[in-house]
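The values are calculated or read from the model by the stated rules, or taken from the named source; none is laboratory data. This one's a predicted model, so the numbers in the text were calculated from it and none came from an experiment. Cβ: placed from backbone, ideal geometry, glycine included. Neighbour counts: every protein chain shown.
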Ligand code: KIV
Ligand code: NA
């Protein structure tokens, strides 16, 4: 039984699957301590951490670098890694790219869009695959909700079923109407993981920077559970003020020479 089957069992039992992104070791460690089920190292690392303007700038080397960091911080967690833009155009390319992410520590690889041939090739090679439908950041310039018309929804459902037939274990549904996400979740074997897809899915994922309040933008799909950005700004501001005032470091942060060494040194 593969680790992914544990999550398919959760789906069958109606237990929600908790997924969150991480891009570095300490955040991954904290997330495991907080009890998450799965960590996603998304290509959202590009915009959230690396300062890129678009997901499309993220490279396989970037992904491997951050997957390895997360794996060091969370040795046992089930880790899904994103295949970045233009690294899965053919099944062969997807295989080569996925091996790199697996070697870095990924248990499962995720890619955007309907490419059942890629899902089938990766599954046949022993990879766990996570599909990703709805908003596809790599493929859309303007980030808008998808599947709003009956025809668009029917197409998305078809794509979800095709990915399922090809063996996907998970399916991320991003910014699609609640009704469509519910219908897909009932129709596929894969565990659906929603983001802006309503509550009737098998699990949820959020970007950690969004839920923790590091991101300055507000997204309708997000809920801020903390204001880490404000806390960090205040901490650094207080440090700067104390340095300038000569109040930091104080006696507690200073080190001393042994008395005889000091006397010899100052002679
Ligand atoms: O890159 C990412 O963080 C993602 C999630 C938004 C699902 O793909
Ligand atoms: Na992504």
* Please give the number of the condition residue 45 fails out of (1) within 12 Å of ligand 2 (Cβ to nearest atom); (2) over 13 Å from the mean Cα position of the chain (by Cα). => (2)
* Out of 178, 217, report the one residue that is away from ligand 1 (no atom under 16 Å from the Cβ) and more than 21 Å from residue 36 (Cβ to Cβ). => 178
* **Within the range 135-157, considering residues that are within 23 Å of the chain's Cα centre (by Cα) and loosely packed, with under 15 Cβ neighbours inside 10 Å, the one nearest to ligand 1 (Cβ to nearest atom)** => 143
* Hits in the range 53-77 - residues which are surrounded by fewer than 22 Cβ atoms within 10 Å (Cβ to Cβ) and over 22 Å from residue 113 (Cα atoms) -> 65, 68, 69, 71, 72, 73, 75, 76, 77
* Structure fact -> Here the residues within the range 158-180 that are closer than 24 Å to residue 122 by Cβ and either crowded, with 22+ Cβ neighbours inside 10 Å or in contact with a strand residue (DSSP E or B) (Cβ under 7 Å, 6 or more places away or on another chain) (or both) are 159, 160, 163, 167, 168, 169, 170, 171, 172, 173, 174, 176
* Asked: Does residue 109 satisfy the criteria of being buried (at least 22 other Cβ atoms within 10 Å of the Cβ) and within 16 Å of ligand 1 (Cβ to nearest atom)?
  -> yes
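Considering only residues that are more than 16 Å from ligand 2 (Cβ to nearest atom) and closer than 15 Å to residue 39 by Cα, look in the range 8-24 and name the one that is surrounded by the fewest Cβ atoms within 10 Å (Cβ to Cβ).
Result: 16.
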* Output the residues belonging to the range 184-194 that are under 18 Å from residue 135 (Cα atoms) and either surrounded by fewer than 24 Cβ atoms within 10 Å (Cβ to Cβ) or not assigned by TED's automatic domain parsing to the domain that holds residue 110 (or both). => 185
* Asked: Can you pull out the residues in the range 126-144 that are more than 12 Å from ligand 2 (Cβ to nearest atom), in a loop (DSSP other than H, G, I, E, B) and in contact (Cβ under 8 Å) with a residue 12 or more places away in the chain?
  -> 127, 144
* Structure fact -> Going through the range 110-125 in order, the residues found to be within 16 Å of ligand 2 (Cβ to nearest atom) and either part of a loop (DSSP other than H, G, I, E, B) or more than 23 Å from residue 157 (Cβ to Cβ) (or both) are 111, 112, 113, 114, 115
* Structure fact -> When the range 100-109 is checked residue by residue, the ones that are in contact with a strand residue (DSSP E or B) (Cβ under 9 Å, 6 or more places away or on another chain) and assigned to a helix (DSSP H, G or I) are 101, 102, 104
